[in-house]
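Q: Quick one: this structure, given as structure tokens, is what I'll be asking you about.
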Amino acid sequence: MSITHVVFDVGGVLVNEARMWRGWAEVVGLDEAAFLAALRDGIERGLGIGGTVRELAPGLDIATHRARLAALEIPGEGDLYPDVRPALQALRVAGLRLGIAGNQPRGVAEALAALDLGVEFVATSADWGVSKPDPRFFGRVADSCGTEPRRIAYVGDRLDNDVAPARAAGMRPVLIPRGVWGHVGGRGDITKLTELPRWLAS
């Protein structure tokens with residue numbers, strides 16, 4: 001049965017989160033390159049982002065700084081990867097229906113909707129009250145698409161949060177290894193979103 005819907009994660013897939021990482025680099029007192037290297041190392045060691053920040057700056061009040069840097073998590077046009085609009089246009093021309101759903105704080109869904117990306121829905125974990133990799137998140141994805149999971153391709157940048165749970169939900173996962181999680185995902189299915197129409201057709 002063919003794919004009829006494509007749903008995209010946000011950070012590392014549609015949105016380059018470089019502004020946010022620059023903000024956190026300043027908080028912990030590192031330049032951007034050093035912070036990103038430490039972040040990738042921490043992710044590879046299983047610390048995640050929060051654990052890496054705590055290791056770099058013990059005693060840091062992360063909640064306070066996250067509130068202060070919250071505006072950096074709200075994407076604008078300049079935060080989109082350059083392949084986003086061409087890829088979404090090509091997918092629409094191919095007759096596919098599109099959506100966006102990712103683990104994001106409040107305000108991100110509204111910001112993405114304002115960018116007018118030509119998708120049928122934009123949803124976040126903050127709006128749904130459930131986060132990936134919870135199976136209920138992918139249940140909401142299927143409900144939003146209004147079709148069977150096997151007709152949905154879910155595009156993400158992480159094996160643990162995107163590929164594995166999407167596959168378990170019966171969807172067709174697509175891995176694009178970019179962003180801070182890209183180096184732990186192994187070889188991706190695609191390296192840029194403009195490869196997606198051909199990949200899905202194959």
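Q: For Val130 and Ser202 in the same chain, what is the full-extension length gain: residue separation times 0.36 nm, less their Cα-Cα distance, in nm? Walk me through the numbers before you get to the answer.
A: Details: separation 72, 0.36 × 72 = 25.92 nm, distance 3.27 nm.
Net length gain for the segment: 22.6 nm.
Q: Could you tell me which residue out of Phe35, Val53, Leu69 lies farthest along the dipole of segment 18-73 toward its positive end? Charges go on the beta carbon: Lys and Arg +1, Asp and Glu -1, centred on the Cα centre.
A: Most positive-ward Cα: Leu69.
Q: Roughly how many whole Å is it from the C-alpha centroid of segment 181-202 to that of segment 40-109?
A: 18 Å
Q: Continuing with this model, one more query. Could you work out, for segment 18-73, what percent of all Cα-Cα pairs fall into each 5 Å distance bin, beginning at 0 Å and stopping at the bin that holds the largest distance?
A: P(r) for segment 18-73, in whole percents per bin: 4, 22, 32, 29, 13, 1.
Q: A further question follows. Roughly speaking, what is the stretch gain from Lys192 to Thr4, that is 0.36 nm per residue apart minus the C-alpha to C-alpha distance, in nm to one decimal? Walk me through the numbers before you get to the answer.
A: Values: separation 188, 0.36 × 188 = 67.68 nm, distance 2.01 nm.
The Lys192-Thr4 span can extend by a further 65.7 nm.
Q: When only C-alpha pairs under 8 Å and at least 6 residues apart count, what is the relative contact order of the chain, in percent?
A: Numbers: 328 pairs, mean separation 55.2, N = 202.
Result for the chain is 27 percent.
Q: Next question. If you take the alpha carbon radius of gyration of segment 60-100 and divide it by 2.2 N^0.38 Å, what ratio comes out, to two decimals?
A: Details: Rg = 16.2 Å, N = 41, 2.2 N^0.38 = 9.0 Å.
So the Cα radius of gyration is 1.80 times the expected 2.2 N^0.38 Å.
Q: How large is ³J(HN,Hα) for each residue in segment 96-106, as worked out from phi by the Karplus curve 6.51 cos²θ - 1.76 cosθ + 1.60 (θ = phi - 60°), to whole Hz, x for Gly and Pro?
A: Those phi angles translate into 8, 9, 10, x, 10, 8, x, 7, 8, x, 4 Hz.
Q: Taking θ as phi - 60°, what are the ³J(HN,Hα) couplings along segment 175-184 by the Karplus curve (6.51, -1.76, 1.60), each to the nearest whole Hz, with x for Gly and Pro?
A: Each residue's phi maps through the Karplus curve to give 9, 10, x, 9, x, 5, 8, x, 6, 9 Hz.
Q: Whole-Hz Karplus ³J(HN,Hα) for segment 125-137, in order, using 6.51 cos²θ - 1.76 cosθ + 1.60 and θ = phi - 60°, x for Gly and Pro?
A: Each residue's phi maps through the Karplus curve to give 4, 5, 6, 7, x, 8, 10, 5, x, 3, x, 5, 4 Hz.
Q: Using modelled backbone amide H atoms (1.01 Å from N, in-plane), which distant-in-sequence or interchain residues come within less than 5 Å of Gly99's amide H?
A: Here Val6, Val7, Phe8, Glu120 satisfy the definition.
Q: Next question. Quick check: pseudo-label points 7 Å beyond the Cα along Cα→Cβ at Ala37 and Ala113, how many nm apart are they?
A: Rounded to a tenth, the inter-label distance reads 4.3 nm.
Q: Another question, if that's okay. Across 10 Å bins from 0, what is the distribution of all Cα-Cα pair distances for segment 56-202, in whole percents?
A: 10, 37, 40, 10, 2, 0
Q: Once the piece of chain linking Arg106 and Arg54 is laid out straight, how much longer is it, given 0.36 nm per residue of separation minus the C-alpha distance between them?
A: Details: separation 52, 0.36 × 52 = 18.72 nm, distance 2.37 nm.
My answer for the length gained is 16.4 nm.
Q: Kindly express, to the nearest 10 degrees and within the range 0 to 90, the angle between helix 32-44's C-alpha long axis and the longest C-alpha principal axis of the chain.
A: Tilt of helix 32-44: around 70 degrees.
Q: Among Ile190, Ile176, which comes first, second and so on when ranked by fewest other beta-carbon atoms within 10 Å? Walk me through the intermediate numbers first.
A: Numbers: Ile190 19, Ile176 26.
Lowest count first: Ile190, Ile176.
Q: Turning to a different aspect of this structure: Which value at 222 nm does the chain reach when only helices count, each DSSP H run of 4 or more adding -39,500 (n - 2.57), with the total divided by all residues and rounded to the nearest 500 deg cm²/dmol?
A: Here the helix-only value at 222 nm equals -11000 deg cm²/dmol.
Q: Something else about it: Rounded to the nearest 20 Debye, what is the dipole magnitude of the chain about its Cα centre when Lys and Arg each give +1 and Asp and Glu each give -1 at the C-beta?
A: For the chain, the charge dipole is close to 540 debye.
Q: Please sort by residue number the GluC sites (Glu not before Pro) in segment 70-113 whose DSSP state is loop and whose Cβ has at most 13 other Cβ atoms within 10 Å. Could you put the intermediate results ahead of the total?
A: On the way: sites: Glu73, Glu77, Glu110; in loops: none.
Sites meeting the loop and neighbour criteria: none at all.
A short reminder: the numbers here are calculations on the coordinates, not readings from a lab. The structure displayed is predicted, hence computed values, not measured ones. Here Cβ is always computed from backbone atoms with ideal geometry, including for glycine, and neighbour counts include all displayed protein chains.
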